[in-house]
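As structure tokens, the structure follows; a few thoughts come after it.
Values in this text are rule-based calculations from the coordinates and carry no lab data. From a predicted model like this one, the values you see are computed outputs, not experimental measurements. Backbone-built Cβ (ideal geometry, glycine too); neighbour counts: all protein chains shown.
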Amino acid sequence: MKKFNNFNILLMLATVLVSFIFVGWSKDWDQLRKDAGQINTIRADFIQEKHLQILSRPLISKGVFYYEAPGSLRWEYQSPIKSILLMHKGRVTRYIWAENGFRRDSGLSLQAMQIVLEEITMWLRGHFAENPDFTASLEPDRKIMLTPKKKAFSAIIRNIELIFSDRPGVIKSVTIYEGEKSFTRIIFKNVRVNEVLKETVFGAPEL
Amino acid sequence: MPGGRNASVIGITDISSDFETIHCIIVSIEGLVLFDGVYKGEVVINRGIQPFDSKEFAKGLMNDIRMVFFPPVGELTGTGVLSNGSHVCRYRNDTMTIVDVIIDPNHDWEIRQYRNGNLNRSVKAYIQERAIDGVQKAFPGRIEISVKEKPGYALTLRLIRAESLNL
């Protein structure tokens, strides 16, 4: 059985989330494909709730997300741990806040991150059905349910639920279920599409 | 870590010093549970994703948590005051292992474990530092663990929040 490591799973999640978050709701896949082709830039705030049985209340993380076609990405957590994942001009880097500023995180495989970039590009072009890792189903109430195809992966992630808002092009929340009482909910706010982003958004932070 | 690599994760630990039990969960910054393990006299891994899935990792993690939060194993063999005013208690576990628990005048504390006369593991707790979200309950805001024995590693733990559980 294929073994999934920490990074492979994050890779798949990042691919799926980024792909779906901003394509907007539609009743059919064809329309979703067309909508995906209209996205040039994205900026969104997010709140991440980690729910675990061991926690008396969820662990809250907050941050901001930027995307610019064809393949620039900034996924920034601002609290409780500051971290920035950058993909720009074919290079992938990650930075973690230490005591006196950001330091480059050497724990990630840059080769694997390159795959993330390529996958995101594919999805943002609207090729939703080509992801070999998930079965996607359109459900009522503006919901898409993603279910892992592979047993090894489904043992780690049961499914992913995406809820779209009634505003075209905006998703309300993503919930990743790992177990009955373990899930992560990411709630998006202030989503802005196709605004001009400064190039410094995708530059490295001061070290 | 070996090779100069580094990584950051979020840890959630439920500790009972009365029952000497530990439930520890490690979560990636993105929220994915990487490790879920329990110590009740022995280590049980509920869930582990590479590289957090090995028994050795789980045992090492539980050993670190036990060293930080549980009383030292062994007999108290001496007490004293260091030249800087810190109070020290010395515990001897066996003929090879000595553990010193040191409390500084500013209430920071330190644990040093010696094996065959060499410092092989140490913990330094900074009680004055604040938790990230402000909920602290007398827990140190930062703990540094340094392990000299091979492969050798260092952990810096920044407190996000600490809560007492009324069981």
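Quick notes
- Using a Gaussian network model of chain B in which every pair of alpha carbons under 10 angstrom is joined by a spring, one finds that among B:LEU119, B:LEU155, B:LEU82 the greatest mean-square fluctuation is at B:LEU82.
- Simple Cβ-charge dipole of chain B, Lys/Arg +1 and Asp/Glu -1, about Cα centre, in debye nearest 20: 360
- Of B:ILE145, B:THR13, B:TRP109, farthest towards positive along the dipole that unit charges on Lys, Arg, Asp, Glu beta carbons give chain B: B:ILE145
- Residues A:LYS89, A:LYS82, sorted so that the one with the fewest Cβ neighbours within 10 Å comes first: A:LYS89, A:LYS82
- Other protein chain C-beta atoms within 10 Å of residue C-beta, averaged over A:52-62: 4.
- Counting only other chain Cβ atoms within 10 Å of each residue's Cβ, the peptide B:22-28 averages 3.
- When you filter the GluC sites (Glu not before Pro) in the range B:1-101 for DSSP loop state and at most 11 other Cβ atoms inside 10 Å of their Cβ, you are left with B:GLU42.
- Whole-Å distance, taken between Cα centres, linking the range A:147-194 and the range B:20-59: 24
- Electrostatic dipole magnitude of the range B:1-70 [Cβ: Lys, Arg +1; Asp, Glu -1; Cα centre; debye, to 20]: 180
- In degrees, nearest ten, helix B:55-69 long axis to first principal axis of chain B (Cα): 50
- Average beta-carbon neighbours from other chains, 10 Å sphere, peptide B:31-38: 6
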